[in-house]
Each structure stands twice: as C-alpha cells, then as structure tokens.
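Notes to accompany the following structure.
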Amino acid sequence: MPSIATVYLVGAGPGHPGLLTLRAVECLQNADLVLYDRLVSPLLLEHAPASAEKTCVAELAPHHDERIVPIHDAMIAAARAGRRVVRLKGGDPYVFGRGAEEAEILLEAGIPFEIVPGITAALGAAAYAGISLTHRAHTSAVAFVTGHENPHKPDSVLDWSALARFPGTLVIYMGMSRLDRIVPSLLAEGKDPQTPAAVVHCATLGTQRTLVAPLSDLPRRAREEGLSAPALIIIGPVVSLRNELAWFERRPLFGKRVLITRPRQQAGDMIHRLVDLGAVPFVLLAVEIREPADWTPVDQAIQSLRQYDWLVFTSANGVQAFLGRLEHQGLDLRALGNLRLAAIGPKTAEALRAYHLQPDLVPARYQSEDLAAALTTQIKPGQRVLLARADRGRDVLRERLAAICTVEQIAVYAQVDTLEPDEEVMNALRRGEIEFVTLTSSNIARSLLTWFDATCRRRVETGEIKLVTISSVTSDEVRKLGFAVAAEAAQATVDGVIEALIGLV
C-alpha cells in the first residue's frame with residue numbers, strides 16, 4: 001500500500017506568471033496532480049511535469065459552492081494513493097482563499113500538508129497600478145476586507161463605522177458585485193466622499209484596467225466603464241500617487257493583443273517576453289516539431305562522424321534532436337572529436353552552449369544565405385560537411401556549399417502542419433481583437449495564412465491585423481500568399497520580432 005503523500009496548498013499569485021515563488025515552482029515540478037483555480041494563468045502549469053494530471057477545479061462542478069467537496073475528495077484520494085498534490089490557488093491561500101478550510105479538512109483526514117504563501121491580489125494590484133498601500137506622507141496602516149461575506153450569515157460582521165474611520169488604506173476583495181452597497185455604507189458612516197479611490201481589474205495582466213475616482217463617484221464610474229470581477233477596490237489618499245508611480249500600463253506593448261504561432265517547444269520564451277512587456281498573448285500552434293519518420297540516415301551519420309570536418313546546425317531544435325540522438329546511441333560529446341561546429345544564429349549557438357559546446361562560426365546575420373557565405377570563407381576544398389536540419393525548408397545552404405565541398409544533409413526532426421484552430425482565437429481574429437500576428441518561419445506563415453478566411457484577409461487588408469515577420473525570407477512567403485507585411489525584424493530572432501512589434505505601436 002503506498003504511503004500517504006503531502007498536499008501542497010500553493011499560492012499562485014495575482015495573475016502574472018512571473019510572480020510565482022521559487023517554492024511554488026519546486027512544488028509544481030514534483031507534482032503528480034495539480035488542482036488549479038479557474039483564474040490561475042495556464043503558463044504556471046508549464047512548471048509541472050508533462051506526466052502530471054492537471055485539472056481546473058471549475059471542471060468539478062459548475063458553481064463554486066458545489067465544487068468544494070469534490071476538491072476535498074480529489075485531494076484526499078490522490079494523497080492516499082501516494083500522489084503528490086498541488087492545490088494551486090489564486091493569490092495567497094490564507095488571504096480570502098479558503099486555504100485554512102482546506103487545510104482543516106486535510107488535517108481531519110490525516111493527510112500531511114504544507115502551505116506555500118503567494119503574493120496576495122492586493123499587493124499585486126496596488127504595485128501594478130502604481131499605488132503604494134502605505135506611505136510615510138499619507139498612511140502607515142492598511143486593512144484587507146472581503147466584500148463577499150459568507151452568504152449564509154444573516155447580517156454583515158463588518159463594522160462599517162470602524163472601517164469608515166480607519167486611518168489608512170482600505171483594500172476590498174471580491175466587492176464589485178456589492179459596490180453599490182459598500183460605498184454608501186462607508187459614506188453613511190462619515191467617510192469623506194472625496195477620498196481617492198480606485199478599481200483595478202485583471203491586475204498584473206495586459207488586460208489590466210485601472211479606474212480612479214472620488215469615492216462617492218466610484219460606483220457610477222465603474223458601471224460606465226463596464227468594470228466587473230475580477231477586481232480589487234482600493235480606498236485612501238495613497239491612490240493619488242498613481243499619477244506618479246504607474247509603470248506597468250506604460251510598458252511598450254501594454255494591452256496589445258499578439259498572436260504567437262511558434263512550435264510548442266519554442267513558444268514559451270516568446271510568451272513570457274510579451275507578458276513582461278504588457279502584451280496579451282494568444283497562441284495558435286501552426287507547426288509541431290516531431291521525430292523524423294526514419295532515424296536510419298541520422299544514425300548512420302552519427303556512426304560516421306569521423307568522416308566529417310564540419311557539423312552545421314540551422315536551429316536550436318536541430319541541436320537538441322541531434323545531440324539527443326547521439327546520447328540515445330550510447331555516445332557522448334567525445335564522438336564529435338575534432339568536428340568544427342557552425343550555428344545559424346544566437347539561439348542555435350545558445351543551444352550548443354547548453355551542451356558545453358562552443359560554436360566555431362555564427363554569421364553576422366541569421367539566414368541561410370549568410371551562413372553559407374560565412375562557411376565558404378572557412379571550408380577548405382575537399383572537406384565534408386554534415387548539415388543537421390528539419391525535414392523541410394529551403395535548400396539554399398546545401399546548394400551553395402555543394403559548390404565547394406561534399407555535403408550530406410540529414411533530417412533530425414520533422415515539421416508538421418498541425419494548425420488546430422482554437423475557436424476562441426479564431427473568433428478573436430475575425431473580430432479584429434488580435435492586433436498583431438507574428439510569423440517566425442516560412443512554414444508557419446504558409447500553414448497559418450492559407451487557413452485565413454475572407455474576414456481575416458479583410459482585417460489584414462485594412463490594417464486591423466498586422467503581420468510581423470522574422471526575416472525577408474518569411475516576408476517573401478507572406479507576399480506570395482497575397483498578404484502585406486506590416487513589419488520585418490531587423491535581425492532574424494525573437495528579440496528582433498519583438499522590436500519590430502514595438503516599432504508598430
């Protein structure tokens with residue numbers, strides 16, 4: 001019988017994936033089951049093993065109160081089966097997160113547990129809205145209040161008179177549905193109607209919206225702006241600091257909706273970069289990286305590595321696939337012997353360095369033509385070159401090198417068109433809600449744009465959707481398909497694409 005495993009009640013923070021604690025990451029990395037709240041960022045689930053079961057608690061029952069028991073049962077059953085459970089909760093488990101209730105249930109069931117604190121929503125919302133909850137010139141106290149009390153209580157247990165007189169900042173959680181009752185209650189107890197107040201919606205995300213108004217006007221203004229949950233209400237003189245301290249909403253891509261179409265293995269880094277710049281990323285995987293249908297040519301080349309003088313990589317995927325196969329064959333880096341290594345660009349070079357291999361050549365520009373030109377100055381007549389690449393793509397590099405040396409080309413990974421249109425993303429494109437589409441290869445451009453319907457085409461023609469490419473080669477493919485390119489990266493890298501995006505804003 002398996003020993004009982006620990007349940008980790010983990011705070012996921014206020015929304016931004018970078019605001020997760022190191023301990024939370026450690027717990028996720030070792031999880032067998034992750035039970036996560038509906039508002040938890042999907043990016044946080046990347047920290048969990050691919051083999052881990054990941055379940056949104058909203059799937060357990062349609063209404064919040066109905067899913068409490070199923071959550072408890074799922075945690076207890078998994079722990080008793082020896083599975084490590086992470087209960088991933090928005091904000092902090094012990095700040096209006098019902099974490100104590102779940103801990104009590106686990107205690108009664110004899111299940112060991114650990115509480116992993118998270119950044120509570122008040123701290124995240126205030127910081128990202130440019131509001132300091134305390135300030136020597138304004139206030140030395142802050143109170144966290146729930147605007148959503150236990151519905152089974154006949155009367156409010158909150159002392160509105162005391163809260164109205166509280167000499168500090170009030171932060172009200174879960175109060176948007178009761179804003180028309182909360183504000184009059186404070187005013188009736190003597191709170192100054194001109195007290196600065198704010199509503200922060202979707203705090204720490206690119207969809208964040210911040211409304212500032214005198215307290216007496218806050219309910220009306222919130223209705224006019226269409227603000228709803230999830231949001232926090234902040235009341236106090238410190239709200240006036242926002243004009244000086246707001247920083248997140250000034251990020252270069254704040255609120256911009258960007259479609260990412262990179263393969264799953266490569267999308268993560270770009271998503272995180274865009275999130276940090278304030279963007280709202282959408283993901284539509286147009287190409288998938290898979291193993292080649294036949295490893296025989298690769299295995300034969302690996303067994304004959306001593307015959308080659310150069311080993312050339314045209315992508316980080318190629319590096320990982322080739323060296324992974326080398327290890328699969330029971331070999332290590334010594335098998336590369338005196339081979340000289342070439343990488344098409346900095347990401348490919350970085351992938352080599354991750355294996356403690358230093359590339360001998362990286363061209364100044366990161367396209368096949370430039371790599372070929374650089375290699376022709378280094379390769380001596382009669383030398384042999386092994387080109388490790390994808391199973392499809394331009395043949396420029398092999399053709400140009402073949403003029404001066406012997407080239408063998410092997411497909412170390414396959415690129416497969418796997419566009420599975422997500423209905424939400426498709427509709428956002430059709431409605432013009434996605435402003436930018438990034439295209440980081442000719443294959444991706446072809447896979448995505450041949451799918452575009454008449455509505456999406458019209459959005460591109462009118463400039464409502466702007467296509468941003470990684471290189472002139474990708475731009476040429478886009479134009480062949482009948483679309484205009486809004487911007488092209490100066491350097492064929494993800495950083496180059498992001499710089500091109502910023503230049504359009």
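The values are calculated or read from the model by the stated rules, or taken from the named source; none is laboratory data. In this text the structure is predicted, and so the values were computed from the model without any measurement. Quick reminder, even Gly has a Cβ in these numbers, built from the backbone with ideal geometry, and neighbours come from all protein chains shown. Just the protein is used for accessible areas: all its heavy atoms, side chains included, with ligands, DNA and RNA removed. Shrake-Rupley method; radii C 1.70, N 1.55, O 1.52, S 1.80 Å.
Brief remarks on what is shown
- Residue in region 44-51 that is among the hydrophobic types (A, V, I, L, M, F, W, C), over 21 Å from Phe282 (Cβ atoms), loosely packed, with under 13 Cβ neighbours inside 10 Å and under 21 Å from the mean Cα position of the chain (by Cα) present: yes
- The residue pairs whose first member lies in region 1-20 and is in a loop (DSSP other than H, G, I, E, B), whose second member is polar (S, T, N, Q) and open to solvent by less than 40 Å² (accessible area, probe 1.4 Å), and whose beta carbons are closer than 7 Å, counting only pairs six or more residues apart or on different chains, are Pro14/Thr204; Gly15/Ser41; Gly15/Thr204; His16/Thr204.
- In region 348-406, the qualifying residues are those that are surrounded by 14 or more Cβ atoms within 10 Å (Cβ to Cβ) and among the β-branched types (Val, Ile, Thr), and the one that is nearest to Tyr308 (Cα to Cα) is Val385.
- The residues listed here are Arg392, Arg340, Arg384; of these, the one that is within 25 Å of Gly496 (Cβ to Cβ), among the basic types (Lys, Arg) and touching a residue at least 12 places away in the same chain (Cβ under 8 Å) is Arg392.
- All positions within region 18-40 that are buried (at least 22 other Cβ atoms within 10 Å of the Cβ) and not hydrophobic (A, V, I, L, M, F, W, C): Tyr36
- Residue that is farthest from Gly278 (Cα to Cα), among those in region 196-219 that are in a strand (DSSP E or B) and open to solvent by 20 Å² or more (accessible area, probe 1.4 Å): Pro214
- Check on Ala301, surrounded by fewer than 17 Cβ atoms within 10 Å (Cβ to Cβ) and outside any strand (DSSP E or B): no
- Filtered residue count, region 117-144, keeping only those that are open to solvent by 60 Å² or more (accessible area, probe 1.4 Å), touching a residue at least 12 places away in the same chain (Cβ under 8 Å) and assigned to a loop (DSSP other than H, G, I, E, B): 4
- Of all residues in region 153-195, those satisfying the criterion of being outside any helix (DSSP H, G or I), of a type outside the set (A, V, I, L, M, F, W, C) and closer than 19 Å to Leu133 by Cβ are Pro167, Gly168, Thr169, Tyr173, Gly175, Lys191, Asp192, Thr195.
- Long-range neighbours under 6 Å by Cβ, at least six apart or interchain, first residue within 25 Å of Ala373 (Cβ to Cβ) within region 288-316, second in a helix (DSSP H, G or I) and open to solvent by less than 60 Å² (accessible area, probe 1.4 Å): Phe313/Val319; Phe313/Thr348; Ser315/Thr348; Ala316/Thr348; Ala316/Ala351
- For Ser185, the requirement of being open to solvent by 50 Å² or more (accessible area, probe 1.4 Å) and of a type in the set (Gly, Ala, Ser) is not met.
- Boolean, Gly318 is of a type in the set (Gly, Ala, Ser), part of a loop (DSSP other than H, G, I, E, B) and either in contact with a strand residue (DSSP E or B) (Cβ under 8 Å, 6 or more places away or on another chain) or open to solvent by 50 Å² or more (accessible area, probe 1.4 Å) (or both): no
- Within region 244-253, the only residue that satisfies the criterion of being closer than 14 Å to Leu504 by Cβ and either in contact with a Cys (Cβ under 7 Å, 6 or more places away or on another chain) or buried (at least 18 other Cβ atoms within 10 Å of the Cβ) (or both) is Leu253.
- If you check Arg446, Arg479 for being touching an Asp or Glu at 6+ places or on another chain (Cβ under 9 Å) and farther than 24 Å from Phe254 by Cβ, only one passes: Arg446.
- Only a single criterion out of (1) assigned to a helix (DSSP H, G or I); (2) at pLDDT below 90; (3) within 14 Å of Val312 (Cβ to Cβ) is not satisfied by Ala374, namely (2).
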